[in-house]
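**Q** Quick one: the structure is below, and I'll ask about it shortly.
The values are calculated or read from the model by the stated rules, or taken from the named source; none is laboratory data. In this text the structure is predicted, and so the values were computed from the model without any measurement. Counting neighbours? That spans all protein chains shown, and the Cβs are built from the backbone with ideal geometry, glycine included.
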Amino acid sequence: MNTRIKNIVVCVSMAIILFSLTALCLFMPKEDFLEAERREPESFPDFTFENVMKDGVEYNDSFMSKFEKYAIDAFPFRDSFRTLKAIFANYVFCQKDNNDIYIADGQASKIEYPLKEDMIEYASQKFKYLYETYMKGKTDSIYLSIIPDKNYFIAEQNGYLALDYDRLNEMIVGSADFAEYIDIYDLLEIDDYYKTDTHWRQEAITQVAKKILEAMGSFVETDYKVNTLDHPFYGVYYGQAALPMKPDTIKYLTSDTLDSCIVTSYAKGVPMKTTVYDMKKAVGRDPYEMFLGGADPLIIIENPNAKNDKELVIFRDSFGSSISPLLVEGYSKVTLVDIRYMQSTMVGNYVNFENADVLFLYSTLILNTAKIFN
(Lines give C-alpha, C1' and ligand atoms only; values in the text may rest on other atoms or scores of the structure.)
Protein backbone atom coordinates (compact mmCIF):
# COMPACT_ATOMS: atom_id res chain seq x y z
CA MET A 1 0.00 0.00 0.00
CA ASN A 2 1.52 3.31 -1.05
CA THR A 3 1.70 6.40 1.15
CA ARG A 4 -1.19 8.17 -0.57
CA ILE A 5 -3.58 5.28 0.07
CA LYS A 6 -2.38 4.96 3.65
CA ASN A 7 -3.12 8.63 4.24
CA ILE A 8 -6.58 8.28 2.75
CA VAL A 9 -7.34 5.25 4.95
CA VAL A 10 -6.15 7.07 8.07
CA CYS A 11 -8.16 10.20 7.26
CA VAL A 12 -11.31 8.27 6.42
CA SER A 13 -10.95 6.13 9.56
CA MET A 14 -10.52 9.20 11.75
CA ALA A 15 -13.47 10.89 10.09
CA ILE A 16 -15.66 7.83 10.74
CA ILE A 17 -14.56 7.67 14.39
CA LEU A 18 -15.12 11.38 14.98
CA PHE A 19 -18.47 11.37 13.18
CA SER A 20 -19.62 8.27 15.08
CA LEU A 21 -18.61 9.66 18.47
CA THR A 22 -20.26 13.00 17.67
CA ALA A 23 -23.45 11.26 16.59
CA LEU A 24 -23.49 9.09 19.69
CA CYS A 25 -22.83 12.11 21.88
CA LEU A 26 -25.73 14.00 20.30
CA PHE A 27 -28.31 11.24 19.89
CA MET A 28 -27.62 8.60 22.56
CA PRO A 29 -30.12 8.73 25.46
CA LYS A 30 -28.71 10.95 28.18
CA GLU A 31 -28.47 9.78 31.77
CA ASP A 32 -30.40 11.80 34.33
CA PHE A 33 -27.89 10.89 37.01
CA LEU A 34 -24.26 9.78 36.93
CA GLU A 35 -24.47 6.83 39.30
CA ALA A 36 -20.72 6.27 39.62
CA GLU A 37 -20.08 9.88 40.63
CA ARG A 38 -23.37 10.51 42.43
CA ARG A 39 -24.18 13.75 40.69
CA GLU A 40 -26.36 15.11 37.92
CA PRO A 41 -24.68 15.58 34.52
CA GLU A 42 -24.10 19.00 33.06
CA SER A 43 -26.94 20.16 30.81
CA PHE A 44 -26.55 21.54 27.30
CA PRO A 45 -25.88 25.30 27.67
CA ASP A 46 -28.15 27.92 26.19
CA PHE A 47 -26.86 28.92 22.77
CA THR A 48 -27.22 32.69 22.84
CA PHE A 49 -25.27 35.56 21.36
CA GLU A 50 -24.33 36.77 24.84
CA ASN A 51 -22.95 33.37 25.88
CA VAL A 52 -20.90 32.97 22.71
CA MET A 53 -19.47 36.47 22.99
CA LYS A 54 -18.24 35.72 26.51
CA ASP A 55 -15.61 33.36 25.07
CA GLY A 56 -12.14 34.60 25.90
CA VAL A 57 -13.47 37.17 28.35
CA GLU A 58 -15.24 35.21 31.07
CA TYR A 59 -14.32 31.72 29.97
CA ASN A 60 -15.61 29.85 33.00
CA ASP A 61 -19.03 31.32 32.36
CA SER A 62 -18.92 31.09 28.57
CA PHE A 63 -20.82 28.86 26.17
CA MET A 64 -17.72 26.87 25.23
CA SER A 65 -16.73 26.30 28.84
CA LYS A 66 -20.18 24.98 29.69
CA PHE A 67 -20.30 22.96 26.47
CA GLU A 68 -16.99 21.28 27.33
CA LYS A 69 -18.39 20.19 30.68
CA TYR A 70 -21.56 18.95 28.99
CA ALA A 71 -19.58 17.03 26.34
CA ILE A 72 -17.44 15.33 29.00
CA ASP A 73 -20.52 14.16 30.89
CA ALA A 74 -22.35 13.10 27.70
CA PHE A 75 -19.37 11.27 26.15
CA PRO A 76 -20.37 7.78 24.91
CA PHE A 77 -19.38 4.90 27.22
CA ARG A 78 -17.98 7.44 29.64
CA ASP A 79 -17.71 5.13 32.65
CA SER A 80 -15.89 2.47 30.63
CA PHE A 81 -13.34 5.02 29.43
CA ARG A 82 -12.94 6.34 32.97
CA THR A 83 -12.20 2.83 34.23
CA LEU A 84 -9.77 2.18 31.39
CA LYS A 85 -7.96 5.45 32.10
CA ALA A 86 -7.78 4.68 35.84
CA ILE A 87 -6.40 1.17 35.20
CA PHE A 88 -3.68 2.52 32.95
CA ALA A 89 -2.83 5.32 35.38
CA ASN A 90 -2.57 2.98 38.36
CA TYR A 91 -1.27 -0.29 36.97
CA VAL A 92 0.60 0.67 33.79
CA PHE A 93 1.99 4.13 34.58
CA CYS A 94 2.22 3.36 38.33
CA GLN A 95 0.58 6.60 39.43
CA LYS A 96 -0.13 6.60 43.16
CA ASP A 97 -3.57 8.15 42.79
CA ASN A 98 -6.25 8.93 40.24
CA ASN A 99 -7.82 12.36 40.71
CA ASP A 100 -6.65 12.28 44.36
CA ILE A 101 -8.31 8.90 44.93
CA TYR A 102 -5.99 6.08 45.95
CA ILE A 103 -6.27 2.49 47.09
CA ALA A 104 -4.11 1.22 49.94
CA ASP A 105 -4.49 -1.83 52.16
CA GLY A 106 -7.61 -2.72 50.17
CA GLN A 107 -9.22 0.60 51.11
CA ALA A 108 -10.16 3.43 48.75
CA SER A 109 -9.65 6.92 50.09
CA LYS A 110 -9.19 10.50 48.94
CA ILE A 111 -6.14 12.61 49.69
CA GLU A 112 -7.08 15.30 52.19
CA TYR A 113 -4.27 17.85 52.39
CA PRO A 114 -3.22 20.30 53.67
CA LEU A 115 -4.70 21.14 57.05
CA LYS A 116 -6.80 24.27 56.49
CA GLU A 117 -6.29 26.11 59.75
CA ASP A 118 -8.72 28.84 58.72
CA MET A 119 -11.42 26.18 58.36
CA ILE A 120 -10.56 24.69 61.76
CA GLU A 121 -10.75 28.15 63.28
CA TYR A 122 -14.10 28.73 61.57
CA ALA A 123 -15.46 25.49 63.03
CA SER A 124 -14.14 26.41 66.48
CA GLN A 125 -15.83 29.81 66.34
CA LYS A 126 -19.08 28.21 65.16
CA PHE A 127 -19.08 25.79 68.11
CA LYS A 128 -18.31 28.65 70.50
CA TYR A 129 -21.19 30.67 69.03
CA LEU A 130 -23.60 27.77 69.56
CA TYR A 131 -22.42 27.36 73.15
CA GLU A 132 -22.63 31.02 74.09
CA THR A 133 -25.96 31.57 72.32
CA TYR A 134 -27.89 28.48 73.39
CA MET A 135 -26.13 26.48 76.12
CA LYS A 136 -24.31 28.82 78.47
CA GLY A 137 -26.13 28.92 81.78
CA LYS A 138 -28.52 26.14 80.74
CA THR A 139 -26.29 23.07 80.84
CA ASP A 140 -22.78 22.15 81.90
CA SER A 141 -22.91 18.68 80.32
CA ILE A 142 -21.23 19.49 77.02
CA TYR A 143 -18.95 17.06 75.22
CA LEU A 144 -16.80 17.00 72.11
CA SER A 145 -15.52 14.08 70.07
CA ILE A 146 -13.63 14.00 66.77
CA ILE A 147 -13.87 11.16 64.24
CA PRO A 148 -10.67 10.48 62.28
CA ASP A 149 -11.07 9.94 58.54
CA LYS A 150 -9.55 6.92 56.78
CA ASN A 151 -6.38 8.77 55.85
CA TYR A 152 -5.40 8.84 59.52
CA PHE A 153 -4.78 5.09 59.31
CA ILE A 154 -3.38 4.59 55.80
CA ALA A 155 -2.14 7.81 54.18
CA GLU A 156 1.33 8.45 55.60
CA GLN A 157 1.94 4.74 56.06
CA ASN A 158 1.58 4.30 52.28
CA GLY A 159 3.44 7.41 51.15
CA TYR A 160 0.52 9.82 50.75
CA LEU A 161 0.13 13.33 52.12
CA ALA A 162 -1.96 13.53 55.27
CA LEU A 163 -3.41 16.11 57.62
CA ASP A 164 -1.60 17.13 60.78
CA TYR A 165 -4.14 15.43 63.02
CA ASP A 166 -2.39 16.47 66.24
CA ARG A 167 -2.63 20.10 65.20
CA LEU A 168 -6.29 19.70 64.18
CA ASN A 169 -7.18 18.19 67.55
CA GLU A 170 -5.14 20.79 69.40
CA MET A 171 -7.00 23.64 67.70
CA ILE A 172 -10.51 22.20 68.09
CA VAL A 173 -10.14 20.87 71.62
CA GLY A 174 -8.13 23.87 72.79
CA SER A 175 -10.79 26.34 71.73
CA ALA A 176 -13.69 24.29 73.15
CA ASP A 177 -12.86 24.90 76.82
CA PHE A 178 -16.59 24.65 77.55
CA ALA A 179 -16.70 20.97 76.49
CA GLU A 180 -15.22 17.74 77.84
CA TYR A 181 -13.21 15.98 75.13
CA ILE A 182 -13.91 12.28 74.51
CA ASP A 183 -10.99 10.71 72.63
CA ILE A 184 -12.09 7.83 70.38
CA TYR A 185 -9.04 7.59 68.11
CA ASP A 186 -7.61 4.57 69.92
CA LEU A 187 -10.85 2.62 69.53
CA LEU A 188 -10.81 2.77 65.74
CA GLU A 189 -8.83 1.05 62.99
CA ILE A 190 -9.02 1.05 59.22
CA ASP A 191 -11.22 -2.05 59.02
CA ASP A 192 -13.92 -0.19 60.95
CA TYR A 193 -14.63 1.78 57.77
CA TYR A 194 -16.25 0.71 54.50
CA LYS A 195 -13.64 -0.10 51.86
CA THR A 196 -15.36 1.93 49.12
CA ASP A 197 -16.74 4.79 51.21
CA THR A 198 -15.80 7.51 53.68
CA HIS A 199 -17.95 6.28 56.55
CA TRP A 200 -17.49 3.90 59.42
CA ARG A 201 -19.41 0.62 59.76
CA GLN A 202 -22.12 0.68 62.40
CA GLU A 203 -21.47 -2.87 63.60
CA ALA A 204 -17.81 -1.96 64.25
CA ILE A 205 -18.39 1.10 66.45
CA THR A 206 -20.34 -0.28 69.42
CA GLN A 207 -17.28 0.27 71.65
CA VAL A 208 -17.06 3.86 70.44
CA ALA A 209 -20.72 4.39 71.38
CA LYS A 210 -20.09 2.74 74.75
CA LYS A 211 -17.17 5.05 75.56
CA ILE A 212 -19.14 8.15 74.60
CA LEU A 213 -22.14 7.08 76.69
CA GLU A 214 -19.95 6.20 79.67
CA ALA A 215 -18.23 9.59 79.48
CA MET A 216 -21.66 11.24 79.52
CA GLY A 217 -22.84 9.02 82.38
CA SER A 218 -25.59 7.39 80.34
CA PHE A 219 -24.35 3.91 79.37
CA VAL A 220 -26.93 1.10 79.40
CA GLU A 221 -25.93 -2.42 78.36
CA THR A 222 -27.74 -3.39 75.15
CA ASP A 223 -27.99 -6.60 73.17
CA TYR A 224 -28.06 -5.79 69.48
CA LYS A 225 -29.10 -8.03 66.64
CA VAL A 226 -26.81 -7.75 63.59
CA ASN A 227 -28.73 -7.56 60.31
CA THR A 228 -27.17 -7.75 56.84
CA LEU A 229 -28.52 -5.68 53.99
CA ASP A 230 -29.17 -7.86 50.95
CA HIS A 231 -27.96 -5.16 48.56
CA PRO A 232 -24.39 -4.32 47.52
CA PHE A 233 -22.96 -1.03 48.70
CA TYR A 234 -20.75 0.84 46.25
CA GLY A 235 -19.47 3.78 48.28
CA VAL A 236 -18.63 7.27 47.11
CA TYR A 237 -14.97 6.39 46.47
CA TYR A 238 -15.91 3.49 44.21
CA GLY A 239 -17.22 5.77 41.49
CA GLN A 240 -14.54 8.42 41.99
CA ALA A 241 -11.71 5.88 41.80
CA ALA A 242 -13.18 4.30 38.63
CA LEU A 243 -11.26 1.14 39.48
CA PRO A 244 -12.69 -2.36 39.84
CA MET A 245 -13.43 -3.02 43.51
CA LYS A 246 -15.68 -5.44 45.34
CA PRO A 247 -18.71 -3.75 46.86
CA ASP A 248 -19.12 -3.42 50.61
CA THR A 249 -21.85 -5.04 52.66
CA ILE A 250 -23.92 -2.90 55.00
CA LYS A 251 -24.82 -4.35 58.37
CA TYR A 252 -27.12 -2.58 60.78
CA LEU A 253 -28.01 -3.13 64.43
CA THR A 254 -31.49 -3.48 65.88
CA SER A 255 -32.86 -3.92 69.38
CA ASP A 256 -36.20 -3.81 71.15
CA THR A 257 -35.49 -0.21 72.11
CA LEU A 258 -34.69 0.89 68.56
CA ASP A 259 -37.74 -0.93 67.23
CA SER A 260 -39.98 1.08 69.56
CA CYS A 261 -38.38 4.49 68.97
CA ILE A 262 -40.45 7.32 67.52
CA VAL A 263 -38.46 9.22 64.90
CA THR A 264 -39.43 12.63 63.52
CA SER A 265 -37.66 14.18 60.53
CA TYR A 266 -37.65 17.82 59.44
CA ALA A 267 -35.96 17.19 56.09
CA LYS A 268 -38.85 18.84 54.25
CA GLY A 269 -39.27 21.69 56.71
CA VAL A 270 -42.23 20.15 58.53
CA PRO A 271 -42.31 17.29 61.06
CA MET A 272 -42.73 13.90 59.40
CA LYS A 273 -42.72 10.50 61.08
CA THR A 274 -39.99 8.19 59.87
CA THR A 275 -37.90 5.28 61.14
CA VAL A 276 -34.40 4.65 62.48
CA TYR A 277 -33.59 2.74 59.29
CA ASP A 278 -35.05 3.83 55.96
CA MET A 279 -35.26 0.60 53.98
CA LYS A 280 -36.30 2.39 50.80
CA LYS A 281 -33.02 4.27 50.76
CA ALA A 282 -31.22 1.02 51.53
CA VAL A 283 -31.75 0.06 47.89
CA GLY A 284 -31.31 3.58 46.52
CA ARG A 285 -28.38 5.46 45.02
CA ASP A 286 -26.58 5.72 48.36
CA PRO A 287 -27.52 2.86 50.70
CA TYR A 288 -25.67 4.52 53.60
CA GLU A 289 -28.58 6.95 53.68
CA MET A 290 -30.64 4.15 55.21
CA PHE A 291 -29.23 5.31 58.56
CA LEU A 292 -31.81 7.87 59.77
CA GLY A 293 -32.66 8.72 56.16
CA GLY A 294 -29.40 10.51 55.32
CA ALA A 295 -28.95 14.29 55.25
CA ASP A 296 -31.44 16.08 57.50
CA PRO A 297 -31.26 19.43 59.32
CA LEU A 298 -33.16 18.14 62.34
CA ILE A 299 -34.13 14.69 63.59
CA ILE A 300 -35.77 13.87 66.92
CA ILE A 301 -35.65 10.32 68.30
CA GLU A 302 -37.92 9.56 71.25
CA ASN A 303 -37.30 6.46 73.35
CA PRO A 304 -40.49 5.40 75.17
CA ASN A 305 -38.60 2.60 76.95
CA ALA A 306 -35.98 4.90 78.48
CA LYS A 307 -35.16 4.31 82.14
CA ASN A 308 -34.62 8.04 82.71
CA ASP A 309 -35.83 11.39 81.40
CA LYS A 310 -32.44 12.59 80.18
CA GLU A 311 -32.14 14.30 76.81
CA LEU A 312 -29.22 14.50 74.40
CA VAL A 313 -28.55 17.03 71.64
CA ILE A 314 -26.01 16.01 69.00
CA PHE A 315 -24.43 18.43 66.55
CA ARG A 316 -23.27 16.08 63.84
CA ASP A 317 -22.35 15.28 60.24
CA SER A 318 -23.14 12.14 58.23
CA PHE A 319 -21.02 9.94 60.52
CA GLY A 320 -23.57 10.70 63.22
CA SER A 321 -26.33 8.99 61.26
CA SER A 322 -25.02 5.52 62.04
CA ILE A 323 -23.76 6.02 65.61
CA SER A 324 -26.72 8.03 66.94
CA PRO A 325 -29.02 4.97 67.13
CA LEU A 326 -26.40 3.38 69.40
CA LEU A 327 -26.64 6.34 71.79
CA VAL A 328 -30.43 6.23 72.12
CA GLU A 329 -30.56 3.58 74.85
CA GLY A 330 -29.27 6.01 77.48
CA TYR A 331 -31.78 8.78 76.80
CA SER A 332 -35.49 9.45 76.58
CA LYS A 333 -34.95 11.87 73.71
CA VAL A 334 -32.11 12.43 71.26
CA THR A 335 -32.11 15.48 68.97
CA LEU A 336 -29.75 15.55 65.99
CA VAL A 337 -28.83 18.91 64.50
CA ASP A 338 -26.90 19.31 61.25
CA ILE A 339 -25.77 22.91 60.80
CA ARG A 340 -24.77 22.18 57.23
CA TYR A 341 -28.49 22.31 56.45
CA MET A 342 -29.84 24.49 59.27
CA GLN A 343 -28.86 28.07 60.00
CA SER A 344 -27.12 28.31 63.37
CA THR A 345 -29.28 31.33 64.15
CA MET A 346 -32.39 29.11 63.88
CA VAL A 347 -31.30 26.31 66.22
CA GLY A 348 -32.91 27.87 69.29
CA ASN A 349 -36.31 27.83 67.57
CA TYR A 350 -36.32 24.03 67.50
CA VAL A 351 -34.06 22.76 70.28
CA ASN A 352 -34.36 23.06 74.06
CA PHE A 353 -30.98 22.82 75.80
CA GLU A 354 -32.22 23.15 79.38
CA ASN A 355 -30.39 20.47 81.46
CA ALA A 356 -29.68 18.45 78.31
CA ASP A 357 -26.44 16.68 77.48
CA VAL A 358 -24.84 18.14 74.35
CA LEU A 359 -22.38 16.34 72.08
CA PHE A 360 -20.39 17.91 69.24
CA LEU A 361 -19.46 14.93 67.05
CA TYR A 362 -17.67 15.68 63.77
CA SER A 363 -15.30 13.98 61.37
CA THR A 364 -11.94 15.49 60.47
CA LEU A 365 -13.10 15.66 56.83
CA ILE A 366 -15.92 18.04 57.73
CA LEU A 367 -13.84 20.09 60.17
CA ASN A 368 -11.29 20.71 57.41
CA THR A 369 -14.04 22.10 55.16
CA ALA A 370 -16.00 23.95 57.85
CA LYS A 371 -17.26 26.75 55.59
CA ILE A 372 -20.14 24.41 54.79
CA PHE A 373 -21.50 25.18 58.29
CA ASN A 374 -24.35 27.68 58.31
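**Q** Would you list the helices (runs of 4 or more DSSP H) that sit entirely within the range 133-225 and hold 2 or more residues that are buried (at least 17 other Cβ atoms within 10 Å of the Cβ) and outside the structural domain of Y252 (by TED's automatic domain parsing)? Write out each step before concluding.
**A** Numbers: elements: 151-154, 165-175, 206-215.
Because the criterion is at least 2 residues that are buried (at least 17 other Cβ atoms within 10 Å of the Cβ) and outside the structural domain of Y252 (by TED's automatic domain parsing), no helices (runs of 4 or more DSSP H) in the range 133-225 meet it.
**Q** While we're here: Please go through the range 283-303 and pick out each residue that is surrounded by fewer than 20 Cβ atoms within 10 Å (Cβ to Cβ), under 19 Å from D259 (Cα atoms) and either modelled with pLDDT under 95 or among the hydroxyl-bearing types (S, T, Y) (or both).
**A** G294
Here is a yes/no grid of residues against (1) out of contact with any helix residue (DSSP H, G or I) (no Cβ under 6 Å at 6 or more places or on another chain); (2) of a type in the set (A, V, I, L, M):
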{"position": "S322", "(1), (2)": "no, no"}
{"position": "P325", "(1), (2)": "no, no"}
{"position": "Y331", "(1), (2)": "yes, no"}
{"position": "Y341", "(1), (2)": "yes, no"}
{"position": "E354", "(1), (2)": "yes, no"}
{"position": "L367", "(1), (2)": "no, yes"}
{"position": "A370", "(1), (2)": "no, yes"}
{"position": "F373", "(1), (2)": "no, no"}
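**Q** Name the residues in the range 244-282 that are surrounded by fewer than 20 Cβ atoms within 10 Å (Cβ to Cβ) and touching a Gly at 6+ places or on another chain (Cβ under 7 Å), would you?
**A** A267, T274, D278, K281 - these are the residues of the range 244-282 that are surrounded by fewer than 20 Cβ atoms within 10 Å (Cβ to Cβ) and touching a Gly at 6+ places or on another chain (Cβ under 7 Å).
**Q** Could you run through the range 190-236 and say how many residues are modelled with pLDDT of 95 or more, β-branched (V, I, T) and over 25 Å from I154 (Cβ atoms)?
**A** 2
**Q** With respect to T249, determine if the residue is under 22 Å from L336 (Cβ atoms) and touching a Leu at 6+ places or on another chain (Cβ under 9 Å). Before you say what the answer is, go through the steps one by one.
**A** Values: under 22 Å from L336 (Cβ atoms): no; touching a Leu at 6+ places or on another chain (Cβ under 9 Å): yes.
It is false that T249 is under 22 Å from L336 (Cβ atoms) and touching a Leu at 6+ places or on another chain (Cβ under 9 Å).
**Q** Let me ask another. How many of the residues making up the range 245-304 are assigned to a strand (DSSP E or B), touching a Phe, Trp or Tyr at 6+ places or on another chain (Cβ under 8 Å) and of a type outside the set (A, V, I, L, M)?
**A** Count: 6.
**Q** Just to verify a result, which residue in the range 234-243, among those that are surrounded by fewer than 22 Cβ atoms within 10 Å (Cβ to Cβ) and under 21 Å from F319 (Cβ atoms), is nearest to the chain's Cα centre (by Cα)?
**A** In the first step, residues of the range 234-243 are kept if they are surrounded by fewer than 22 Cβ atoms within 10 Å (Cβ to Cβ); the result is 234, 236, 239-240, 243.
Subset that is under 21 Å from F319 (Cβ atoms): 234, 236, 239-240.
Details: Y234: 13, V236: 8, G239: 14, Q240: 13 Å.
Checked the range 234-243; the qualifying residue nearest to the chain's Cα centre (by Cα) is V236.
**Q** Just checking, does the range 307-317 include any residue being modelled with pLDDT under 95, of a type in the set (A, V, I, L, M, F, W, C) and either buried (at least 20 other Cβ atoms within 10 Å of the Cβ) or part of a loop (DSSP other than H, G, I, E, B) (or both)?
**A** no
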